[in-house]
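The values are calculated or read from the model by the stated rules, or taken from the named source; none is laboratory data. As the structure is a computational prediction, the values presented were derived from the model and not from experiment. So basically every Cβ, Gly included, is an ideal-geometry build from the backbone, and we count neighbours across all protein chains shown. Accessible surface areas use protein heavy atoms only, side chains included; no ligands, DNA or RNA. Shrake-Rupley method; radii C 1.70, N 1.55, O 1.52, S 1.80 Å.
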Amino acid sequence: MKVVVVANFDSMSAEVAKIVYGQISKKPHSVLGLATGSSPLGVYKLLVEYHKMGTDFSKVTTFNLDEYVGLRPDHPQSYRWYMEENFFSKVNIKKEQTFIPNGVAEDLEAECLRYEDLIKQAGGIDLQLLGIGSNGHIGFNEPGSEFGTITRVVDLAESTIKDNSRFFESIDEVPTQAISMGIKTIMQAKEIILMASGGSKADAIYAAVYGPVTTEVPASVLQLHPAATLVVDQAAASKL
Ligand code: GLP
């Protein structure tokens, strides 16, 4: 895996936005795998700027990594809402080409299989963006997730519920489950970019880059991917 160390959050965002731009320029019908959380916010902002300068998203298809179970798409903490707010509504992407698991589907198991199938039908993911949890999770694949997993319902780790409670009024409101692409789903992407910023990610980044490849640090699996790049700022890279 390639590691690119940049100065700070803004330079990380610029570097990743440039990679996404390059992908869309090379292949207007790209299938992008998208992430949520604070890490990609700067990337989406810059992509909106690229759009204002003429970048066309009309042929792009997107698949998000995950969605909370139990949050409707119009819940302000749902990942559908996040994506609409921060990206989709600000570029000319076609809504029917943006996919996010439905966390309120009546049959969650069927929803997971449907999602996996949709990715296949789209021809697979060309470029997958990832953040990383402080415990090394990718998507919502918590420590212990097997490398053979596909899209499924997962239980969130206590540490993740705590980390993500900052977005909710109280910790009791944080959903305890999510639908997440599996490790295998993520690893099938042709190219993967993981971004991380800030000292709170330093241990996870160290373990992902130098640690053994283990299900205990889900991001360490990226060492086995033929085209994975980590774009990290100096604080996140401080233990490398
Ligand atoms: C969440 C998401 C992950 C994300 C991680 C890190 O739990 N499911 O996809 O990478 O948190 O979030 P942040 O970028 O806000 O640190």
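Listing for the model above:
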read-out: Share, in percent, of DSSP beta bridges within the stretch 2-233 that are antiparallel, nearest 5; value: 25
read-out: Square roots of 5 times each gyration tensor eigenvalue, C-alpha, the stretch 158-238, largest first, Å; value: 24, 17, 12
read-out: Distance histogram for the stretch 115-203 (every C-alpha pair counted, 10 angstrom bins, percent rounded to whole numbers); value: 16, 45, 32, 8, 0
read-out: Simple Cβ-charge dipole of the chain, Lys/Arg +1 and Asp/Glu -1, about Cα centre, in debye nearest 20; value: 1040
read-out: Structure-based [θ]222 nm, the chain - -39500 (n - 2.57) summed over DSSP H runs of at least 4, per residue, nearest 500; value: -9000 deg cm²/dmol
read-out: The stretch 103-240 - charge dipole about Cα centre, Lys and Arg +1 at Cβ, Asp and Glu -1, debye rounded to 20; value: 600
read-out: Residue among N8, I161, G148 farthest towards the positive dipole end of the stretch 2-233, charges placed on Cβ; value: N8
read-out: Nonlocal amide H pairs with N64, under 5 Å, H built at 1.01 Å; value: L34, F99, I100
read-out: Accessible surface of K90 - all protein chains present, 1.4 Å probe, nearest 10 Å²; value: 110
read-out: Relative contact order of the stretch 129-206, defined on C-alpha pairs under 8 angstrom at six or more residues apart (%); value: 44
read-out: The chain, relative contact order [Cα under 8 Å, separation at least 6], %; value: 26
read-out: Solvent exposure, largest accessible area first (probe 1.4 Å, DNA, RNA and ligands not counted), of S13, S25; value: S25, S13
read-out: Reciprocal mean inverse distance between Cα atoms of the stretch 2-233 - Kirkwood radius, Å; value: 17.6
